[in-house]
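S.K.: Have a look at this one before I ask anything.
The values are calculated or read from the model by the stated rules, or taken from the named source; none is laboratory data. As the structure is a prediction and not an experimental result, all values here were calculated from the model. Reconstructed Cβ throughout: ideal geometry from the backbone, glycine too, with neighbour counts over all protein chains shown. The protein model used for the area step is the full one, side chains on, heavy atoms only, and it has no ligands, DNA or RNA in it. Shrake-Rupley method; radii C 1.70, N 1.55, O 1.52, S 1.80 Å.
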Amino acid sequence: MNAPDRTGLGNAFEATASGTLTGAPIERVEDERFLTGAGCFTDDVRFEGMVHAAILRSSHAHARIRGIDCSAARALPGVLLVATAAEIGHAHKPIPIRLAPLPGLDRFLQPTIAADEVRYVGEPVAIVVATSRYIAEDALDLIETDYEELPAVTGIEQSIAGAALVHASVGTNVATQYPVGRGDAEQAFASAPYTRRERFRCHRHTGAPMETRGLVAEWNGSLMRVWGATKVPFFNRGLLASMFDLPETAVDMIETDIGGGFGIRGEFYPEDFLVPWASMQLGRPVKWIEDRREHLMAANHARETECELEIAMDHDGTIRGLRGRAMADLGAYVRTGGGVAISRLAQYLPGPYRITDFACEVMAVITNKTPVGTFRGPGRYEANFFRERLLDLACADLGLDPVAVREKNLIAKHEMPWPIGRLVPTEGEGAYDVGDFHSGLHKALAAIGYERLPRGGTRIDGWLHGVGVACFVESSGGGKSENARIIARTDGSFDIYSGVSTMGQGHETVFAQIAGDELGVPLDAFRVHHGSTAHVDYGWGTFHSRAIVVGGSAVKLAAAQLREQLDALAATGHVGAPAEDIEVKLRYDTRGPTYSYGTHVAHVAVDPETARVKVLAYVALEDVGRVMNPLLAHGQAVGGAVQGIGATFLDELRYDEAGQLLSGSYADYLMATSTEVPAVQAVLLEESPSPSNPLGAKGAGEGGIVATGGALANAVGDALAGYRLPLTTLPLSLDNLARALRQARAAGNAPQAGH
Amino acid sequence: MNPTREITLRVNGNTVRAVCETRITLLDFLRDQAGLTGTHAGCEHGVCGACTVQLDGESVRSCLLFAAQVSTGEITTVEGLAPAGSLTDLQRAFRRHHALQCGFCTPGMLMTADALLRESPNPDEAAVRAALSGNLCRCTGYQPIIEAVLDCAESRAEATLRADQRHAPTTSGGAA
Ligand code: FES
Ligand code: FES
């Protein structure tokens, strides 16, 4: 790195050259158990004497609880426990914020069970435990609730207006409001020859992993064990222990196989208190497995935001400034990660461009809908769509080529590290560390064969063709530190223990690859243990694409230390495996986040009569610093892109004005299926290894999704260039697109037939 | 009390007998009575395909059937695809193509794809996509799953061709 060090990051590590295992497309060691049905997911955990919980949830968006009559439910044979806030007591604490404690948010924390008022459809009101799940659900039907309906707040504007309050005692629906920025946006706009302002909207949707949430809790009188933990088991252990006034050592969180996380699974939810509490009352293991309807109404929602965004440009396309107002609908309460997406959204509005003058007013409001959390690429997907779409609209106004304008404004390699200022109030100054953004753009265009693609509304067999481009940058590697422990066993095998958790990414394989290279032993010498609180002193978990960047770095350094000890042993003349177990424990402290970046390009064809869109080709390019296992990294990139492509057209959590969830089943909440998605071409570059960790790695888990909304909206906009559609609202559903086309025709914006 | 009865099913070549409520689904019977937890519940209303098993060789959704309905058929679950300790060529193709990440959808995908390849041994990509369109996967983007199924079909076709060539009567001796 030759650039002056403006960040203080320094260049502590030279990324090491690939060993024989890291960098190789090695098949996963974890696959066999999943292929034979031998995986152990949460619902596969069974114990003698285990009983089953079900949760009664509010059917109203906002209501006062006048009374709950549980007598009939309690009388049902097989029912062991029915409890409401009355039995659980008000002593239990609300669920605190884990990340992004923005000013004001802590006034809206969620209680573990509703006491006097319900504030969203799906809020827990009672817990039932019975000898079978069937009986527990029967008992739910027997609970009589008496509600007095209150006015429901279901939109951002309505919430800000404040005529009805979600939390009357707080006196406002605005959970947080703060300005961020850098440079002097006002000055930039005052002198700019061209400006354009649009109001954008991103729809409410969510990660919806294939395995719903669930847990099994067992209290044996002195120890609380909870199976089904993931993402942040150590944080959740501390929280649960504090709720029960127990020492942390009296709680064990045990990770099972996890059927997908995507940000929403593994945060601390009300059920993470209620089920262990029930187990304490009964002295028996209690299992709770969420059904899909519950999942869609009770697990974190995400993404619902609006943004007024204005760009200032010179006539040659040089961006002079960007300013706006970003607003998020947080739902009824602020959950553990409720502030993450909106704060990241504001941070990533300027993106990979040389925008020195930027200002944004950030606001998050409370409504009578399910609370939000994070979903893969939180804030990044939304911000990328807003900015990249606005760029294309500005290009159309000025008659400029969208690719040329991006080339002109991307931050150049020699300008790195690029200071981004302090755009998140809970963090300090930041800087993009290294990157060749231009190379990413050029390689993505080459990969899709941009020059040869029909675009700009070219009509082929009735379909109008368009191409859209979106560039992004995003951070990874959060969480201060990570622990790793490696033990060399006397039989020549090794146990690796890590504080990260895994939800299907393949960390067991990658950690073995990393340690295998350090120790010079084959993959099958390793057993990898992760995610459970018994393995290491503390673990920061898996979020913010940190498992490899931080967790993998810890494994690498621990393995290197172990290697030294084994070498020393060998120097004494010892041959073969050690006579006693040798253990190395290590804590790796990060040097701040690292930034991956890239470009997505989409080629679509649109039928203007039916509003159908076909995605014909899609390139998702990302520089991830260093690829540990190309098979797995491609899997992450393709999977993320398809999730984003599906979400851009299909996934939507819709509410009516009374706050009833309209898409509470997989028949209504549509996710991409195998016939709807294109073959995505994932391109992974290793041109800019991260200087901040010994692997040179950057997060590879989220870049696939970040630019999908922006690239697809721009592609559809390009195909329908003749209609001059703003396309400022996601999803690009059949309904929304058909409406936009009708409006364009009514406004006389449609091209002449035969055009 | 809900009505109960004794239910006897043939699963993976074994007989499983249990007294349970008549309302128990095949999915819950397999998981809770037969102890075969490889079959998963993703939605319990027939949309996601995670619960797919085979009934007399055809893929069915075990969340939509009552266990008591299928007592005359042969049921196969993911545990019955290959003898313990081994993998079928389809399972190996899934591993080679990284066709699973979290693995939660995988048993359902395998049961659907296995039935497809039996019915139509040489499907094209569109046919594979269509056959798998009732199985949701939130991790892989489907692409590697489709590649794995096509790859498996191709290797089977090649193997058949080689076998045919080996067993073809030699022409030099002349047919009697
Ligand atoms: S669980 Fe049967 S189709 Fe989803
Ligand atoms: S591999 Fe996770 S749902 Fe398919």
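S.K.: Given a 1.4 Å probe, how much area per residue of the stretch A:181-252 is accessible, in Å²?
M.R.: Counting only protein heavy atoms, the per-residue value for the stretch A:181-252 is 34 Å².
S.K.: Now for a separate question. What accessible area, summed over both chains, is buried at the B-A interface (1.4 Å probe, Å², nearest 100)?
M.R.: 4100
S.K.: Let me check I have the definition right: for the stretch A:530-606, take the eigenvalues of the Cα gyration tensor, multiply each by 5, take square roots. What are those semi-axes in whole Å, largest first?
M.R.: Working: eigenvalues 302, 57, 31 Å².
Largest first, the stretch A:530-606 gives 39, 17, 12 Å.
S.K.: While we're looking at this one, here's another question. Over the alpha-carbon set of the stretch A:449-506, divide Rg by the Kirkwood Rh and report the Rg/Rh ratio to two decimals.
M.R.: Numbers: Rg = 24.9 Å, Rh = 17.5 Å.
Here Rg/Rh amounts to 1.42.
S.K.: Any chance you could check the stretch B:1-28 for residues losing 40 Å² or more of accessible area when the partner protein chains are in, compared with the chain on its own (1.4 Å probe)?
M.R.: When all protein chains are present, B:ARG23 each give up 40 Å² or more of accessible surface.
S.K.: What's the whole-number percent of alpha carbon pairs in the protein assembly as shown lying beyond 40 angstrom?
M.R.: Tail of the P(r) past 40 Å holds 40 percent of the pairs.
S.K.: Subtracting the Cα-Cα distance from 0.36 nm times the residue separation, let me have the gained length for A:ASP141 to A:ASP397 in nm, one decimal. Before the final figure, lay out the partial values.
M.R.: Values: separation 256, 0.36 × 256 = 92.16 nm, distance 5.87 nm.
Between A:ASP141 and A:ASP397, full extension yields an extra 86.3 nm.
S.K.: Now for a different question. Per residue of the stretch A:602-612, what does 6.51 cos²θ - 1.76 cosθ + 1.60 with θ = phi - 60° give for ³J(HN,Hα)? Whole Hz please, x for Gly and Pro, Karplus curve as stated.
M.R.: For the stretch A:602-612, the Karplus-derived couplings read 10, 10, 10, 10, 10, 8, x, 7, 9, 6, 6 Hz, x marking Gly and Pro.
S.K.: For the stretch B:1-80, what is one quarter of the convex hull surface built on the Cα atoms, given in nm²? Let's see the in-between values first.
M.R.: Details: hull surface 19.2 nm².
About 4.8 nm², averaged over all directions.
S.K.: Can you work out D for the stretch B:61-176 in µm² s⁻¹ from Stokes-Einstein, where Rh is the Kirkwood radius over C-alpha pairs, the temperature is 25 °C and the viscosity is 0.890 mPa s?
M.R.: Rounded to a whole number, D works out at 152 µm²/s.
S.K.: Same structure again: Taking Cα pairs under 8 Å and at least six residues apart, what relative contact order does chain A come out at, in percent? Don't jump to the answer; show the numbers that get you there.
M.R.: Numbers: 1926 pairs, mean separation 126.6, N = 755.
Over chain A, the number comes to 17 percent.
S.K.: While we're on this one: Per residue, how large is the accessible surface of chain B? Use a 1.4 angstrom probe and give square angstrom.
M.R.: With all protein chains present, chain B gives 44 Å² per residue.
S.K.: Something else: Please report the carbon-and-sulfur percent of the accessible area for the stretch B:82-167; probe 1.4 Å, protein heavy atoms only, DNA, RNA and ligands left out.
M.R.: 52
S.K.: OK, next. Which value, to two decimals, describes the C-alpha radius of gyration of the stretch A:642-726 once divided by 2.2 N^0.38 Å?
M.R.: Normalised Cα radius of gyration, the stretch A:642-726: 1.51.
S.K.: List the trypsin sites (Lys or Arg not before Pro) within the stretch A:464-494 that DSSP assigns to loop and that have no more than 14 neighbouring Cβ atoms inside 10 Å.
M.R.: Sites meeting the loop and neighbour criteria: A:LYS480.
S.K.: Then there is this: Can you find, among A:PHE437, A:VAL365, A:VAL405, the residue sitting farthest towards the positive end of the charge dipole of the stretch A:332-473, where Lys and Arg contribute +1 and Asp and Glu -1 at Cβ?
M.R.: Value: A:VAL365.
S.K.: Further question on the same structure: List the residues, sorted by chain then number, that are 5 or more residues from B:GLU74 or on another chain and whose placed amide H is less than 5 Å from its amide H.
M.R.: B:ASP56
S.K.: Next question. Across the stretch A:39-191, what fraction of all alpha-carbon pairs, as a whole percent, falls in each successive 5 Å bin from zero upward?
M.R.: Histogram of Cα-Cα distances, whole percents per bin: 2, 8, 13, 14, 15, 13, 10, 8, 6, 4, 2, 2, 2, 1, 0, 0.
S.K.: In whole angstrom, how long is each semi-axis of the equivalent ellipsoid of the stretch A:151-307, when you take the square root of 5 times every eigenvalue of its Cα gyration tensor and sort them from largest down? Before the final figure, lay out the partial values.
M.R.: On the way: eigenvalues 342, 68, 61 Å².
Semi-axes from the Cα gyration tensor: 41, 18, 17 Å.
S.K.: When a/c is below 1.5 the answer is rounded, else prolate if a/b is larger than b/c, else oblate, so apply that to the stretch A:338-402 with a ≥ b ≥ c taken from the square roots of the Cα gyration tensor eigenvalues.
M.R.: Here the stretch A:338-402 falls in the prolate category.
S.K.: Another one. Taking a 26 Å limit on the Cα-Cα distance, which of the listed pairs A:LYS231/A:LYS443; A:LYS231/A:LYS698; A:LYS93/A:LYS231; A:LYS480/A:LYS556 fall beyond it?
M.R.: Values: A:LYS231/A:LYS443 34 Å; A:LYS231/A:LYS698 19 Å; A:LYS93/A:LYS231 22 Å; A:LYS480/A:LYS556 17 Å.
Result: A:LYS231/A:LYS443 exceed 26 Å.
S.K.: Please compute the net charge surrounding A:GLU48, taking Lys and Arg as +1 and Asp and Glu as -1 over other residues with Cβ under 13 Å from its Cβ.
M.R.: Residues close to A:GLU48 contribute a combined charge of +2.
S.K.: At a 1.4 Å probe, what is the % contribution of carbon and sulfur to the accessible area of the stretch B:1-80?
M.R.: On the way: 1520 of 3400 Å².
The C+S portion of the solvent-accessible surface of the stretch B:1-80 is 45 percent.
S.K.: Rounded to a whole number, what % of the accessible area of chain A do carbon and sulfur atoms account for, probe 1.4 Å?
M.R.: Ligands and nucleic acids excluded, carbon and sulfur reach 50 percent.
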